[in-house]
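The values are calculated or read from the model by the stated rules, or taken from the named source; none is laboratory data. All of these numbers come straight from a predicted model, not from anything done at the bench. Quick reminder, even Gly has a Cβ in these numbers, built from the backbone with ideal geometry, and neighbours come from all protein chains shown. Just so you know, the surface numbers come from the protein's heavy atoms only, side chains and all, with ligands and any DNA or RNA stripped out. Shrake-Rupley method; radii C 1.70, N 1.55, O 1.52, S 1.80 Å.
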Amino acid sequence: GGTLGCASVAVGSPIVPLGSAVTASCTIQRELCRGLEQGKVRIIWMLDNKLVAGSQHQGPGGTEVSNLTLPRFNHTQARLWCCVEWNGTKQRIGMAEIRAGYPPAKPLNLSCILNLSDYGLTCRWEQGTDSHLPTSIVLKCAGSRAQVVTGCTPQGGHSHCTVPRRLLQLYRQMEIWVSATNALGTAESEHLRIDPMDVAKLDPPTLQSIQSIPFQTDCIALAWDVARGTEHMELQCELRYRAPEDPAWVLVTGIIGRAGTAQRCGFLFGTQYHFQMRCRRSSASALAYWSEWSPGRNYTTHEKAPTG
Amino acid sequence: GGTLGCASVAVGSPIVPLGSAVTASCTIQRELCRGLEQGKVRIIWMLDNKLVAGSQHQGPGGTEVSNLTLPRFNHTQARLWCCVEWNGTKQRIGMAEIRAGYPPAKPLNLSCILNLSDYGLTCRWEQGTDSHLPTSIVLKCAGSRAQVVTGCTPQGGHSHCTVPRRLLQLYRQMEIWVSATNALGTAESEHLRIDPMDVAKLDPPTLQSIQSIPFQTDCIALAWDVARGTEHMELQCELRYRAPEDPAWVLVTGIIGRAGTAQRCGFLFGTQYHFQMRCRRSSASALAYWSEWSPGRNYTTHEKAPTG
Amino acid sequence: APLTELSGDEDFQLFLQRNLEFTRKIHGDVAALQRVVCDTFQLCKEEELLLVRQDLDVAQALLEQCHKRTFQAETCFSQIRAGLRIYHGSLATIRDLLPGHAALVETLQLDMANLSSNIQQQMEDLGLATVTYPTENQDPLPTFSSRFRHQVGGFFILANFQRFLETAYRALRHLAN
């Protein structure tokens with residue numbers, strides 16, 4: 001607490017749960033207070049700028065002591081002033097800062113995405129109710145044997161941060177969680193057990209060419225390429241198409257393989273179709289993210305071939 | 001010049017004024033050139049990819065020397081290749097890069113503005129004709145005793161840069177100029193001798209209220225406030241007003257003082273007027289910038305008071 | 001020529017006009033810092049802290065030769081420069097107290113250094129002897145035994161500096177016609 005040499009303010013704890021009781025004492029050693037040697041010393045308490053009543057008594061060694069109890073402290077932050085009257089003025093001679101709040105809330109909905117351009121792992125979560133206290137929040141990242149714990153710290157009060165590549169173990173399970181700590185306690189989110197590659201977010205594939213297969217004009221052949229940087233991956237892709245006036249997409253799933261072609265029949269003749277494709281790693285994890293749908297490509301099928 | 005050990009190319013100067021003569025020599029020490037020991041050595045010159053004729057003769061110590069003179073070198077940048085014939089092919093065995101251009105042009109129309117939000121001094125100038133040569137351009141700033149020369153360097157080929165506050169001397173004359181230097185010379189702009197405060201660009205004042213002065217209804221009183229951050233300055237302000245249908249503004253000059261009110265008479269009754277105000281520092285310098293005109297304010301004067 | 005006879009000298013008058021405004025600017029920035037100390041630490045009224053002040057050794061620069069009765073221009077200028085240096089150093093205490101306002105404190109220190117060198121150059125222009133201070137300020141910073149005394153120390157550094165600026169301002173204005 002604030003000590004003047006001549007006055008010292010002590011509080012039970014500078015940080016308390018919101019609504020709990022606060023006790024404080026102000027002790028004045030008169031012989032150390034120039035100007036307070038003579039006459040009666042009347043100790044006055046102020047909470048921020050509001051007078052509050054304490055109980056004053058003589059303490060050991062000729063000191064004057066005033067105790068104060070605030071039964072329900074419901075300020076998140078306040079200053080407790082110990083004052084005395086002197087030459088007709090109220091002199092502030094001691095002070096203690098008190099903060100009140102809650103233990104940190106459990107961070108929820110932790111999810112991560114691996115950005116394939118720099119292999120940084122960006123994780124997001126929901127912070128929960130404000131604890132009103134300085135709270136340090138850290139994303140923690142441990143190899144499965146948890147020898148080394150790395151991670152990242154969100155900046156500027158955001159609820160996301162990015163673990164740089166050099167702190168990650170790729171192609172192996174890691175444990176990832178958020179830890180929030182303040183003076184009143186610590187809370188941890190669920191622990192994600194994932195291989196960062198399982199949450200890789202791919203760039204969409206690109207539809208290179210679409211042609212009708214000459215003799216069956218209701219079939220088309222489609223050539224596509226995977227996004228740069230994903231050539232080495234086992235991918236699972238999907239194709240969707242529809243004619244402009246169709247409300248619903250036709251979805252073709254289970255296109256496997258790294259790059260290549262796909263064939264599809266049953267198209268109407270002389271009709272313009274809009275095609276899009278997307279891919280994801282065919283890893284076992286349910287968390288795997290689909291890439292965005294690729295930029296669309298239009299293709300108009302042949303008019304019906306003259307029969308006979 | 002580029003030396004191969006066995007061949008060395010020397011030029012008079014790697015950087016020459018555009019259109020001036022260029023001389024070069026290529027010296028071949030046969031015993032150092034594996035493969036050139038036997039037979040006749042024929043030196044061939046190429047300017048970039050064009051053949052040019054040199055004059056070859058025997059040099060000291062069994063060397064072969066070829067001299068070349070280009071009377072009017074009008075490339076801004078070219079490579080001079082020394083080659084020899086070998087096994088029926090043309091071998092490039094030496095090279096010298098030559099650049100040509102002009103001494104830097106004198107930077108013109110130097111002007112500066114002090115931005116009052118961060119007290120950075122931004123100066124602009126005109127660069128003049130391109131010298132075609134790598135030219136370093138620096139804005140220089142010296143206290144009047146020129147003990148310390150600071151300034152700034154324009155980025156990305158721009159003709160402006162900003163001297164940060166910590167490199168400025170406020171409320172005292174500084175000398176500011178632009179210096180351009182390349183291999184062929186240096187050029188300096190005019191030297192500005194100004195106190196940075198003299199070129200401060202103020203934010204406009206704000207018109208707080210406009211009222212008719214009750215008994216002389218053709219007069220109005222106008223209250224205005226100076227822009228934040230200029231409260232300590234001696235200001236010189238101007239007011240302008242006009243009725244919507246008037247083509248010309250009425251201009252009231254010489255309004256002095258930091259914040260305050262101004263009175264003005266001769267207004268028509270029951271007429272809406274549009275008012276604007278602007279200020280500048282009333283420093284002696286003719287360079288002082290006016291602020292923009294303040295956002296306009298409309299005010300409709302009273303109807304004519306009933307007479308008698 | 002003694003400074004007071006220079007009232008007609010144009011350069012000297014320009015120097016005075018410029019640095020009167022500069023002093024007003026610095027005074028305004030110190031007032032802004034005082035408002036921050038009041039808002040942040042609830043330390044607003046000097047009369048409520050007189051007892052505590054008796055126990056704190058806080059920098060205070062006196063300007064005896066700048067007061068009307070004992071006015072001596074040349075010495076007054078030197079005392080202003082010496083005072084600016086003392087307060088320049090003790091502003092570091094304020095920067096520690098108010099990390100969120102470090103930019104305002106640094107601007108204030110830059111302005112104080114500029115004002116001091118403006119005065120120095122003017123004195124040299126007038127052929128007066130001057131002191132050149134080393135750029136880095138080696139004076140040890142005062143230490144405080146508690147956050148409360150550190151905050152009150154900061155309050156009084158600013159209060160003393162405001163009075164110093166007001167005295168210096170009156171002296172400059174006395175020289176200007």
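In segment B:173-229, which residues are more than 28 Å from the chain's Cα centre (by Cα) and of a type in the set (Ser, Thr, Tyr)? Within segment B:173-229, B:Thr206, B:Ser209, B:Ser212, B:Thr217 meet the criteria. Remark: pairs (first residue in segment A:158-178, touching a residue at least 60 places away in the same chain (Cβ under 8 Å) and of a type outside the set (Ser, Thr, Tyr); second residue open to solvent by 70 Å² or more (accessible area, probe 1.4 Å) and not in a strand (DSSP E or B); Cβ separation under 8 Å; 6+ apart in sequence or on different chains) = A:Trp177/A:Glu190. When residues in segment C:3-19 are screened for being buried (at least 19 other Cβ atoms within 10 Å of the Cβ) and within 12 Å of another protein chain (Cβ to nearest Cβ), 4 of them pass.
Candidates in segment A:132-149 are the residues that are surrounded by 13 or more Cβ atoms within 10 Å (Cβ to Cβ) and either more than 19 Å from A:His160 (Cα to Cα) or in contact with a Cys (Cβ under 6 Å, 6 or more places away or on another chain) (or both); of these, the one that is modelled with the lowest pLDDT is A:Gly143.
Checking each residue in segment B:254-304 for being more than 17 Å from B:Leu202 (Cα to Cα) and polar (S, T, N, Q) picks out B:Thr261, B:Gln263, B:Thr271, B:Gln272, B:Asn298, B:Thr300, B:Thr301. Out of curiosity, is A:Cys6 open to solvent by less than 40 Å² (accessible area, probe 1.4 Å), of a type in the set (A, V, I, L, M, F, W, C) and within 13 Å of chain C (Cβ to nearest Cβ)? Against the criterion (open to solvent by less than 40 Å² (accessible area, probe 1.4 Å), of a type in the set (A, V, I, L, M, F, W, C) and within 13 Å of chain C (Cβ to nearest Cβ)), A:Cys6 qualifies. Taking segment C:143-155 as the range and being surrounded by 22 or more Cβ atoms within 10 Å (Cβ to Cβ) and more than 10 Å from chain A (Cβ to nearest Cβ) as the test, the residues that pass are C:Gly153, C:Gly154, C:Phe155. State all residues of segment A:261-287 that are more than 17 Å from A:Thr301 (Cα to Cα) and open to solvent by less than 20 Å² (accessible area, probe 1.4 Å); if no residue qualifies, say none. Selection gives A:Met277, A:Cys279.
Inside segment A:161-175, residues that are surrounded by 15 or more Cβ atoms within 10 Å (Cβ to Cβ) and modelled with pLDDT of 95 or more make up a count of 3. Residue-level analysis places C:Ala103 among those that are assigned to a helix (DSSP H, G or I) and surrounded by fewer than 17 Cβ atoms within 10 Å (Cβ to Cβ). Just so you know, in segment A:56-76 the residues that are open to solvent by 60 Å² or more (accessible area, probe 1.4 Å) and in contact (Cβ under 8 Å) with a residue 40 or more places away in the chain include one that is farthest from A:Leu18 (Cα to Cα), and it is A:Asn67. Among residues of segment B:150-172 being in a strand (DSSP E or B) and either within 14 Å of another protein chain (Cβ to nearest Cβ) or over 18 Å from the mean Cα position of the chain (by Cα) (or both), the one that is nearest to C:Ser116 (Cα to Cα) is B:Thr150.
Is it the case that segment C:123-131 has a residue that's open to solvent by 10 Å² or more (accessible area, probe 1.4 Å) and in a helix (DSSP H, G or I)? Yes, segment C:123-131 contains a residue that is open to solvent by 10 Å² or more (accessible area, probe 1.4 Å) and in a helix (DSSP H, G or I).
Residues that are open to solvent by 30 Å² or more (accessible area, probe 1.4 Å) and farther than 30 Å from B:Gln77 by Cβ: does segment B:101-111 have at least one? Yes; the residues of segment B:101-111 include at least one that is open to solvent by 30 Å² or more (accessible area, probe 1.4 Å) and farther than 30 Å from B:Gln77 by Cβ. With respect to the conditions (1) assigned to a helix (DSSP H, G or I); (2) more than 10 Å from every other protein chain (Cβ to nearest Cβ), C:Leu110 falls short on a single one, namely (2). Taking C:Leu84 as meeting all but one of (1) over 19 Å from C:Tyr133 (Cβ atoms); (2) within 14 Å of another protein chain (Cβ to nearest Cβ), write down the number of the exception. In the conditions (1) over 19 Å from C:Tyr133 (Cβ atoms); (2) within 14 Å of another protein chain (Cβ to nearest Cβ), C:Leu84 misses (1) alone. In this structure, A:Ala53 does not satisfy being open to solvent by less than 50 Å² (accessible area, probe 1.4 Å) and either among the small types (Gly, Ala, Ser) or at positive phi (or both). Search segment A:9-33 for residues being within 11 Å of chain C (Cβ to nearest Cβ), modelled with pLDDT of 90 or more and crowded, with 19+ Cβ neighbours inside 10 Å, and hand back the single one that is farthest from A:Arg79 (Cα to Cα). Only one residue fits best here, namely A:Ile28.
Residue count for segment C:30-76, restricted to those that are within 14 Å of chain B (Cβ to nearest Cβ) and open to solvent by 30 Å² or more (accessible area, probe 1.4 Å): 1.
Of the strands (runs of 3 or more DSSP E) that lie entirely inside segment A:182-260, those containing 3 or more residues that are open to solvent by 80 Å² or more (accessible area, probe 1.4 Å) and in contact with a strand residue (DSSP E or B) (Cβ under 8 Å, 6 or more places away or on another chain) span A:250-256.
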